[in-house]
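Asks: Would you mind keeping the following structure in view while I ask a few things?
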Amino acid sequence: RDERDMLVQWCRFLHDVDPDMFTGYNTDNFDWSYLIERSRVIKATEFAFLSRLRLQRVRLKSHTISSAAIGTRETRTAAISGRLQFDMFQ
């Protein structure tokens, strides 16, 4: 029906399917941050509970990675307990 319903239904679908792993392209630095923030704005509070531990919210974490090969980069990842994440961009 609307954006809020879409996010809530997607969250329910994930719990039904119960995936071990999420994969995508640039999910760490864009998708998860956008989806979590958007769910806050539209008050889709159920969306933040994607982990296998049903009462634990997704937490966004910031990291700084530095090396001679890539320089210094700021990354943002979503901590989703019980589900492995693989970002193909990195």
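The values are calculated or read from the model by the stated rules, or taken from the named source; none is laboratory data. Just so you know, these numbers come straight off a predicted model, no measurement behind them. Backbone-built Cβ (ideal geometry, glycine too); neighbour counts: all protein chains shown. Heads up: the accessible areas ignore ligands, DNA and RNA and are worked out on the full protein's heavy atoms, side chains in. Shrake-Rupley method; radii C 1.70, N 1.55, O 1.52, S 1.80 Å.
Asks: In a Gaussian network model over the chain where Cα atoms closer than 10 Å are linked, find which of S67, S51, S39 has the largest mean-square fluctuation.
Replies: S67
Asks: Evaluate the relative contact order of the stretch 1-59 (contact order divided by residue number), counting alpha-carbon pairs under 8 angstrom at least 6 apart; express in whole percent. Let's see the in-between values first.
Replies: On the way: 35 pairs, mean separation 24.7, N = 59.
For the stretch 1-59, the relative contact order is 42 percent.
Asks: OK, next. Most mobile of L55, L35, L14 per a Gaussian network model of the chain (Cα springs, under 10 Å)?
Replies: For the chain, modelled as a Gaussian network with Cα springs under 10 Å, the answer is L55.
Asks: Using a 1.4 angstrom probe on the protein heavy atoms only, could you order W32, W10 from most to least accessible area?
Replies: Details: W32 15, W10 95 Å².
In descending accessible area the options line up as W10, W32.
Asks: Let me cross-check D20: its accessible surface, 1.4 Å probe, with only protein heavy atoms counted, in Å² to the nearest 10?
Replies: Per-residue accessible area (D20): approximately 110 Å².
Asks: Moving on. Using every alpha carbon pair in the stretch 21-62, what percent of pairs falls into each 10 Å bin from 0 up to the bin containing the largest distance?
Replies: Bins of 10 Å from zero give 26, 57, 16 percent of pairs.
Asks: Taking only the alpha-carbon atoms of the chain, what semi-axes of the equivalent ellipsoid follow from 5 times the gyration tensor eigenvalues under a square root, in whole Å, largest first?
Replies: Details: eigenvalues 131, 42, 26 Å².
Rounded to whole Å, the semi-axes are 26, 15, 11.
Asks: Going by alpha carbons, how many degrees (0 to 90, nearest 10) lie between the helix axis of 3-17 and the longest principal axis of the chain?
Replies: Value to nearest ten degrees: 80.
Asks: Now a separate question. Using unit Cβ charges (K, R positive; D, E negative) and no other charged atoms, how large, in debye to the nearest 20, is the dipole of the chain about its Cα centre?
Replies: On the way: 14 positive and 12 negative charges, 71 e Å.
It works out to roughly 340 debye.
Asks: Counting heavy atoms of the protein chains only and a 1.4 Å probe, report the per residue accessible area for the chain as a whole number of Å². Could you put the intermediate results ahead of the total?
Replies: Values: 6030 Å² over 90 residues.
Dividing the accessible area of the chain by its residue count gives 67 Å².
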